[in-house]
1. Classify the range 126-178 as rounded, prolate or oblate from the Cα gyration tensor: take a ≥ b ≥ c as the square roots of its eigenvalues, call it rounded if a/c is under 1.5, otherwise prolate when a/b beats b/c and oblate if not.
2. Under a 1.4 Å probe, what is the accessible area of the range 96-231 per residue, stated in Å²?
3. If K27, K137, K76 are ordered by their accessible area, calculated over protein heavy atoms with a 1.4 Å probe, which sequence runs from highest to lowest?
4. Would you please classify the overall shape of the range 1-121 from the alpha carbon gyration tensor, given that a ≥ b ≥ c denote the square roots of the eigenvalues, rounded means a/c under 1.5, and beyond that prolate means a/b larger than b/c while oblate covers the rest?
5. About the Cα centre, and with charges only on the beta carbon of Lys, Arg (+1) and Asp, Glu (-1), how big is the dipole of the chain? Nearest 20 debye, please.
6. Leaving out ligands, DNA and RNA, and with a 1.4 Å probe, what % of the accessible surface on the range 1-150 is carbon or sulfur?
7. Per-residue ellipticity at 222 nm for the chain, helices alone: DSSP H runs ≥ 4 residues times -39500 (n - 2.57), over residue total, nearest 500 deg cm²/dmol?
8. If ligands, DNA and RNA are left out, what is the accessible area of T234 with a 1.4 Å probe, given in Å² to the nearest 10?
Amino acid sequence: IALYPRNATTSETHITLQPLNYEAFRKGLEAMGYDRDQIERLSVESGRSPTVLRRRLATVASIRAPYWSSDQAIAKQLAPFLFAGAWSALNKHDQDVLALLGSETTYTPLESQFQTLTQIDDAPVWSVAHYRGVISKLDLLFAISRSITKEEIQNFFEIARLVLSEDNPALDLPEEERWAASIRGKRRELSAALRTGIGETLVLLAVHGDALFRSHTGLHVSAEAGRVVVELLTPLTQR
């Protein structure tokens, strides 16, 4: 069985493991001897992610808190990659978005930092051909949340507006011809990997943002995420 990160872009999966629903999470922890209050707390602390839960329950320090999560410099380097999720390193427009997320003038230093991060123990990132990404966005979000600033979150929301508002040129074609949109050059400038990654981060911030960031940033993150969605869909048109 070949295992890939959920956001891998170079493979077609036969089985996709979706996040656990509460019922499955509860039954699993009840079988392990946890009571209702403990299960509720672990559900919030882990986002019901088995990867994050493993860290929460671990007694081995290196598993509970990998050194990259407590190293402030490395955690800061990981932040823009967390927000992006996955992207194409050859797509100029993807590069520009990553540079904005990392507050850099160009993508070059970010690519150098990323390749260094792939070499660390228990690396939270992956690199396949010209695609890059994080292995578990939820794991990374919970691990480095204390290193992420109010300004970085607000910057992400602005970039999410930009990325997710990009029009789809394929809609210029008659419906029966849209299957050939890429052949005819009718495709978005940003990669589908980055667009999906930004969308997923927006959802994760809406669900877990207040618990992770409210205390040290003062931001009502879920409300900010909701505001982005409303702005993107107003006015609501078929296009």
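1. Details: a/c = 3.63, a/b = 1.74, b/c = 2.08.
The shape class here is oblate.
2. On the way: 6750 Å² over 136 residues.
Roughly 50 Å² per residue, with all protein chains present.
3. On the way: K27 120, K137 25, K76 70 Å².
Ranked list, largest accessible area first: K27, K76, K137.
4. Numbers: a/c = 2.48, a/b = 1.73, b/c = 1.44.
Taking the square roots of the gyration eigenvalues as a ≥ b ≥ c, the range 1-121 is prolate.
5. Numbers: 26 positive and 29 negative charges, 74 e Å.
The dipole magnitude comes to about 360 debye.
6. Working: 4490 of 8420 Å².
Whole-percent figure for carbon plus sulfur exposure: 53.
7. Working: 12 runs with 131 residues, N = 239.
Mean residue ellipticity, 222 nm, calculated: -16500 deg cm²/dmol.
8. Near enough 90 Å² of accessible area.
The values are calculated or read from the model by the stated rules, or taken from the named source; none is laboratory data. From a predicted model like this one, the values you see are computed outputs, not experimental measurements. Please note: Cβ atoms are built from the backbone with ideal geometry, for glycine as well, and neighbour counts cover all protein chains shown. Side chains included, ligands, DNA and RNA excluded: accessible areas come from the protein's heavy atoms. Shrake-Rupley method; radii C 1.70, N 1.55, O 1.52, S 1.80 Å.
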